[in-house]
Ligand SMILES: C[S@@+](CC[C@H](N)C(=O)[O-])C[C@H]1O[C@@H](n2cnc3c(N)ncnc32)[C@H](O)[C@@H]1O
(Lines give C-alpha, C1' and ligand atoms only; values in the text may rest on other atoms or scores of the structure.)
Protein backbone atom coordinates (compact mmCIF):
# COMPACT_ATOMS: atom_id res chain seq x y z
CA UNK A 1 0.00 0.00 0.00
CA UNK A 2 2.59 2.53 1.09
CA UNK A 3 4.84 1.14 -1.61
CA UNK A 4 2.09 1.65 -4.23
CA UNK A 5 1.51 5.20 -3.04
CA UNK A 6 5.23 5.95 -3.25
CA UNK A 7 5.49 4.43 -6.74
CA UNK A 8 2.59 6.46 -8.14
CA UNK A 9 3.68 9.67 -6.46
CA UNK A 10 7.05 9.27 -8.14
CA UNK A 11 5.50 8.33 -11.49
CA UNK A 12 2.94 11.14 -11.62
CA UNK A 13 4.27 14.66 -11.24
CA UNK A 14 3.10 17.85 -12.88
CA UNK A 15 5.68 17.28 -15.65
CA UNK A 16 4.99 13.61 -16.29
CA UNK A 17 1.22 14.23 -16.31
CA UNK A 18 1.85 16.89 -18.99
CA UNK A 19 3.89 14.36 -20.98
CA UNK A 20 1.26 11.61 -20.70
CA UNK A 21 -1.44 14.07 -21.70
CA UNK A 22 0.52 15.09 -24.79
CA UNK A 23 0.69 11.41 -25.73
CA UNK A 24 -2.86 10.46 -24.93
CA UNK A 25 -4.92 13.58 -25.46
CA UNK A 26 -6.43 16.14 -23.10
CA UNK A 27 -7.73 14.55 -19.91
CA UNK A 28 -6.09 11.15 -20.35
CA UNK A 29 -2.96 9.48 -19.04
CA UNK A 30 -3.57 6.10 -20.72
CA UNK A 31 -3.70 4.93 -24.36
CA UNK A 32 -6.97 5.07 -26.32
CA UNK A 33 -8.54 7.20 -23.57
CA UNK A 34 -10.78 9.44 -25.65
CA UNK A 35 -11.67 6.72 -28.16
CA UNK A 36 -12.52 4.33 -25.33
CA UNK A 37 -14.73 6.89 -23.57
CA UNK A 38 -16.60 7.71 -26.77
CA UNK A 39 -17.16 4.03 -27.52
CA UNK A 40 -18.39 2.92 -24.10
CA UNK A 41 -20.18 5.97 -22.71
CA UNK A 42 -23.36 5.30 -24.75
CA UNK A 43 -23.42 1.72 -23.39
CA UNK A 44 -23.68 2.77 -19.77
CA UNK A 45 -27.37 3.69 -19.81
CA UNK A 46 -26.69 6.90 -17.89
CA UNK A 47 -29.46 9.32 -16.95
CA UNK A 48 -29.16 12.89 -15.69
CA UNK A 49 -28.04 12.86 -12.05
CA UNK A 50 -26.83 9.23 -12.05
CA UNK A 51 -23.92 8.60 -9.71
CA UNK A 52 -20.68 7.32 -11.20
CA UNK A 53 -17.54 6.13 -9.42
CA UNK A 54 -14.36 6.21 -11.52
CA UNK A 55 -11.69 4.06 -9.85
CA UNK A 56 -8.15 5.09 -10.86
CA UNK A 57 -9.66 8.13 -12.56
CA UNK A 58 -6.38 9.82 -13.43
CA UNK A 59 -6.98 13.47 -14.31
CA UNK A 60 -10.58 12.75 -15.27
CA UNK A 61 -11.01 12.64 -19.06
CA UNK A 62 -13.84 10.16 -18.72
CA UNK A 63 -15.33 11.79 -15.61
CA UNK A 64 -15.67 15.15 -17.36
CA UNK A 65 -17.12 13.53 -20.48
CA UNK A 66 -19.82 11.66 -18.50
CA UNK A 67 -20.71 14.81 -16.57
CA UNK A 68 -20.81 17.04 -19.63
CA UNK A 69 -22.67 14.82 -22.09
CA UNK A 70 -24.80 12.66 -19.76
CA UNK A 71 -25.36 14.91 -16.73
CA UNK A 72 -23.74 12.32 -14.46
CA UNK A 73 -22.49 13.12 -10.98
CA UNK A 74 -18.97 11.64 -10.95
CA UNK A 75 -16.54 10.86 -8.15
CA UNK A 76 -13.03 10.04 -9.34
CA UNK A 77 -10.76 8.28 -6.85
CA UNK A 78 -7.06 7.85 -7.39
CA UNK A 79 -4.04 6.89 -5.31
CA UNK A 80 -1.93 9.69 -6.84
CA UNK A 81 -2.18 13.08 -5.13
CA UNK A 82 -0.79 14.80 -8.23
CA UNK A 83 -3.49 13.56 -10.60
CA UNK A 84 -6.20 14.37 -8.06
CA UNK A 85 -4.81 17.91 -7.78
CA UNK A 86 -4.92 18.42 -11.57
CA UNK A 87 -8.43 16.91 -11.82
CA UNK A 88 -9.75 18.98 -8.92
CA UNK A 89 -8.35 22.22 -10.33
CA UNK A 90 -10.01 21.52 -13.67
CA UNK A 91 -13.28 20.62 -11.96
CA UNK A 92 -13.23 23.91 -10.05
CA UNK A 93 -12.60 25.93 -13.20
CA UNK A 94 -15.31 24.52 -15.48
CA UNK A 95 -19.07 24.87 -15.27
CA UNK A 96 -19.63 21.17 -15.80
CA UNK A 97 -16.98 20.21 -13.27
CA UNK A 98 -17.98 22.57 -10.47
CA UNK A 99 -21.13 20.77 -9.45
CA UNK A 100 -20.76 17.34 -10.96
CA UNK A 101 -17.17 16.12 -10.85
CA UNK A 102 -15.15 15.53 -7.69
CA UNK A 103 -11.84 13.81 -7.07
CA UNK A 104 -10.46 12.22 -3.93
CA UNK A 105 -7.10 10.74 -3.08
CA UNK A 106 -7.88 7.15 -2.26
CA UNK A 107 -6.24 3.74 -2.53
CA UNK A 108 -9.02 1.69 -4.14
CA UNK A 109 -8.05 -1.32 -2.05
CA UNK A 110 -8.89 0.69 1.08
CA UNK A 111 -12.01 2.42 -0.25
CA UNK A 112 -15.37 2.00 1.37
CA UNK A 113 -18.79 3.25 0.30
CA UNK A 114 -22.27 2.37 1.48
CA UNK A 115 -23.95 -0.50 -0.37
CA UNK A 116 -25.98 0.45 -3.46
CA UNK A 117 -24.48 3.95 -3.85
CA UNK A 118 -23.55 4.10 -7.56
CA UNK A 119 -25.37 3.59 -10.85
CA UNK A 120 -22.15 3.04 -12.79
CA UNK A 121 -18.59 2.14 -11.82
CA UNK A 122 -15.67 2.66 -14.20
CA UNK A 123 -12.25 1.02 -13.89
CA UNK A 124 -9.92 1.98 -16.68
CA UNK A 125 -6.31 0.78 -16.72
CA UNK A 126 -6.25 0.77 -12.93
CA UNK A 127 -6.74 -2.84 -11.81
CA UNK A 128 -3.72 -3.82 -13.92
CA UNK A 129 -1.67 -2.21 -11.15
CA UNK A 130 -3.03 -4.53 -8.44
CA UNK A 131 -2.06 -8.12 -7.66
CA UNK A 132 -4.85 -10.69 -7.93
CA UNK A 133 -6.13 -10.65 -4.34
CA UNK A 134 -6.38 -6.84 -4.38
CA UNK A 135 -8.02 -6.75 -7.82
CA UNK A 136 -10.59 -9.20 -6.58
CA UNK A 137 -11.22 -7.24 -3.38
CA UNK A 138 -11.92 -4.05 -5.37
CA UNK A 139 -14.21 -5.86 -7.81
CA UNK A 140 -16.08 -7.64 -5.02
CA UNK A 141 -16.55 -4.34 -3.18
CA UNK A 142 -17.64 -2.59 -6.38
CA UNK A 143 -20.44 -5.13 -6.74
CA UNK A 144 -21.71 -4.15 -3.30
CA UNK A 145 -21.35 -0.39 -4.00
CA UNK A 146 -23.43 -0.64 -7.19
CA UNK A 147 -27.20 -0.28 -7.13
CA UNK A 148 -29.18 -3.29 -8.40
CA UNK A 149 -29.23 -3.00 -12.20
CA UNK A 150 -26.05 -0.90 -12.03
CA UNK A 151 -23.26 -1.27 -14.57
CA UNK A 152 -19.52 -1.78 -14.37
CA UNK A 153 -17.09 -1.06 -17.14
CA UNK A 154 -13.72 -2.73 -16.75
CA UNK A 155 -11.06 -1.75 -19.28
CA UNK A 156 -7.62 -3.20 -18.82
CA UNK A 157 -4.49 -4.77 -20.25
CA UNK A 158 -4.36 -8.57 -20.39
CA UNK A 159 -1.68 -11.10 -21.24
CA UNK A 160 -1.99 -12.80 -24.62
CA UNK A 161 1.09 -15.02 -25.02
CA UNK A 162 3.30 -16.20 -22.19
CA UNK A 163 6.67 -14.84 -23.34
CA UNK A 164 9.52 -15.89 -21.06
CA UNK A 165 11.63 -12.78 -21.47
CA UNK A 166 13.44 -11.52 -18.37
CA UNK A 167 13.56 -7.89 -19.53
CA UNK A 168 9.82 -7.94 -20.25
CA UNK A 169 9.00 -9.35 -16.80
CA UNK A 170 11.41 -6.97 -15.12
CA UNK A 171 9.91 -3.88 -16.75
CA UNK A 172 6.40 -5.01 -15.82
CA UNK A 173 7.47 -5.46 -12.23
CA UNK A 174 9.06 -2.01 -12.14
CA UNK A 175 5.88 -0.40 -13.54
CA UNK A 176 3.60 -2.30 -11.12
CA UNK A 177 1.89 -4.21 -13.91
CA UNK A 178 0.09 -7.32 -12.67
CA UNK A 179 -1.56 -8.76 -15.76
CA UNK A 180 -3.88 -11.73 -16.12
CA UNK A 181 -5.19 -13.52 -19.18
CA UNK A 182 -8.49 -12.29 -20.57
CA UNK A 183 -10.24 -15.45 -19.29
CA UNK A 184 -9.02 -14.87 -15.73
CA UNK A 185 -10.29 -11.28 -15.84
CA UNK A 186 -13.67 -12.56 -16.94
CA UNK A 187 -13.68 -15.24 -14.25
CA UNK A 188 -13.10 -12.87 -11.33
CA UNK A 189 -15.90 -10.56 -12.49
CA UNK A 190 -18.29 -13.51 -12.62
CA UNK A 191 -17.02 -14.82 -9.29
CA UNK A 192 -17.86 -11.45 -7.73
CA UNK A 193 -21.45 -11.81 -9.00
CA UNK A 194 -21.39 -9.79 -12.22
CA UNK A 195 -23.18 -10.77 -15.41
CA UNK A 196 -21.01 -9.83 -18.39
CA UNK A 197 -23.02 -8.08 -21.07
CA UNK A 198 -20.47 -6.97 -23.67
CA UNK A 199 -16.93 -8.21 -24.13
CA UNK A 200 -14.52 -6.56 -26.55
CA UNK A 201 -10.95 -7.34 -27.47
CA UNK A 202 -9.29 -3.99 -28.24
CA UNK A 203 -5.77 -5.36 -28.76
CA UNK A 204 -5.54 -4.42 -32.42
CA UNK A 205 -6.66 -0.85 -31.69
CA UNK A 206 -4.25 -0.78 -28.73
CA UNK A 207 -1.24 -1.41 -30.98
CA UNK A 208 -2.52 1.09 -33.55
CA UNK A 209 -3.06 3.71 -30.91
CA UNK A 210 0.37 3.18 -29.28
CA UNK A 211 2.01 3.41 -32.70
CA UNK A 212 0.15 6.57 -33.59
CA UNK A 213 0.87 8.16 -30.19
CA UNK A 214 4.57 7.36 -30.56
CA UNK A 215 4.79 8.88 -34.04
CA UNK A 216 3.08 12.07 -32.86
CA UNK A 217 5.15 12.29 -29.69
CA UNK A 218 8.46 11.93 -31.50
CA UNK A 219 7.43 14.26 -34.31
CA UNK A 220 6.58 17.00 -31.81
CA UNK A 221 9.70 16.47 -29.71
CA UNK A 222 11.14 19.94 -30.24
CA UNK A 223 7.90 21.67 -29.36
CA UNK A 224 7.21 19.37 -26.40
CA UNK A 225 10.63 19.95 -24.89
CA UNK A 226 9.67 23.58 -24.36
CA UNK A 227 7.14 22.38 -21.74
CA UNK A 228 8.42 19.00 -20.58
CA UNK A 229 11.86 18.33 -19.03
CA UNK A 230 14.08 16.19 -21.30
CA UNK A 231 14.44 13.41 -18.70
CA UNK A 232 10.65 13.02 -18.38
CA UNK A 233 10.25 13.10 -22.16
CA UNK A 234 12.83 10.34 -22.56
CA UNK A 235 11.47 8.07 -19.82
CA UNK A 236 7.93 8.44 -21.17
CA UNK A 237 9.07 7.79 -24.75
CA UNK A 238 11.04 4.73 -23.74
CA UNK A 239 8.08 3.26 -21.79
CA UNK A 240 5.77 3.86 -24.74
CA UNK A 241 8.27 2.19 -27.11
CA UNK A 242 8.42 -0.78 -24.73
CA UNK A 243 4.61 -1.01 -24.69
CA UNK A 244 4.37 -0.72 -28.45
CA UNK A 245 7.05 -3.37 -29.01
CA UNK A 246 5.54 -5.95 -26.67
CA UNK A 247 1.94 -5.25 -27.63
CA UNK A 248 2.97 -5.81 -31.26
CA UNK A 249 4.57 -9.14 -30.24
CA UNK A 250 1.28 -9.96 -28.49
CA UNK A 251 2.73 -10.26 -25.02
CA UNK A 252 -0.30 -8.23 -23.94
CA UNK A 253 -3.35 -6.51 -25.37
CA UNK A 254 -6.35 -4.50 -24.24
CA UNK A 255 -9.98 -5.44 -23.60
CA UNK A 256 -13.10 -4.08 -22.05
CA UNK A 257 -16.00 -5.80 -20.37
CA UNK A 258 -19.34 -4.21 -19.66
CA UNK A 259 -21.00 -6.06 -16.80
CA UNK A 260 -24.09 -5.58 -14.66
CA UNK A 261 -25.39 -6.30 -11.22
CA UNK A 262 -28.62 -8.14 -11.85
CA UNK A 263 -31.90 -6.95 -10.40
CA UNK A 264 -33.71 -3.66 -10.64
C1 LIG B 1 -2.90 4.20 -16.61
S2 LIG B 1 -3.58 5.32 -15.48
C3 LIG B 1 -5.25 5.50 -16.14
C4 LIG B 1 -5.93 6.75 -15.62
C5 LIG B 1 -7.30 7.04 -16.21
N6 LIG B 1 -8.25 6.00 -15.91
C7 LIG B 1 -7.21 7.29 -17.70
O8 LIG B 1 -7.78 6.51 -18.46
O9 LIG B 1 -6.61 8.30 -18.11
C10 LIG B 1 -3.84 4.33 -14.02
C11 LIG B 1 -4.37 5.13 -12.83
O12 LIG B 1 -4.67 4.23 -11.75
C13 LIG B 1 -4.26 4.84 -10.54
N14 LIG B 1 -4.09 3.79 -9.51
C15 LIG B 1 -3.15 2.81 -9.48
N16 LIG B 1 -3.30 2.06 -8.37
C17 LIG B 1 -4.35 2.57 -7.69
C18 LIG B 1 -5.01 2.23 -6.47
N19 LIG B 1 -4.58 1.21 -5.69
N20 LIG B 1 -6.08 2.97 -6.07
C21 LIG B 1 -6.50 4.02 -6.81
N22 LIG B 1 -5.92 4.40 -7.98
C23 LIG B 1 -4.88 3.67 -8.42
C24 LIG B 1 -2.97 5.57 -10.92
O25 LIG B 1 -2.60 6.56 -10.00
C26 LIG B 1 -3.36 6.14 -12.29
O27 LIG B 1 -3.96 7.41 -12.20
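The values are calculated or read from the model by the stated rules, or taken from the named source; none is laboratory data. Since we're looking at a predicted model, the values are computed, not measured. Virtual Cβ from ideal backbone geometry, glycine too; neighbours counted across all protein chains shown.
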Just to be sure before I move on: is residue 53 more than 10 Å from the ligand (Cβ to nearest atom), crowded, with 20+ Cβ neighbours inside 10 Å and part of a helix (DSSP H, G or I) in the structure I sent?
no
Pick from 147, 135, 102: which is part of a helix (DSSP H, G or I) and more than 9 Å from the ligand (Cβ to nearest atom)?
135
One residue from 86, 40 being within 13 Å of the ligand (Cβ to nearest atom), over 29 Å from residue 144 (Cα atoms) and either in a loop (DSSP other than H, G, I, E, B) or modelled with pLDDT of 95 or more (or both):
86
Among the residues of the stretch 56-66, which ones are touching a helix residue (DSSP H, G or I) at 6+ places or on another chain (Cβ under 6 Å), within 6 Å of the ligand (Cβ to nearest atom) and assigned to a loop (DSSP other than H, G, I, E, B)?
57, 58
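Out of the residues in the stretch 30-45 that are over 21 Å from residue 196 (Cβ atoms) and surrounded by fewer than 24 Cβ atoms within 10 Å (Cβ to Cβ), state the one that is nearest to the chain's Cα centre (by Cα).
From the stretch 30-45, those over 21 Å from residue 196 (Cβ atoms) are 30-31, 33-35, 38; that's our starting set.
With the extra rule that they be surrounded by fewer than 24 Cβ atoms within 10 Å (Cβ to Cβ), the set shrinks to 30, 34-35, 38.
Numbers: 30: 7, 34: 11, 35: 13, 38: 14 Å.
Among those that are over 21 Å from residue 196 (Cβ atoms) and surrounded by fewer than 24 Cβ atoms within 10 Å (Cβ to Cβ), it is 30.
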So in the stretch 23-36, with the set limited to residues that are within 8 Å of the ligand (Cβ to nearest atom) and either at pLDDT below 90 or touching a helix residue (DSSP H, G or I) at 6+ places or on another chain (Cβ under 6 Å) (or both), which one is farthest from residue 143 (Cα to Cα)?
24
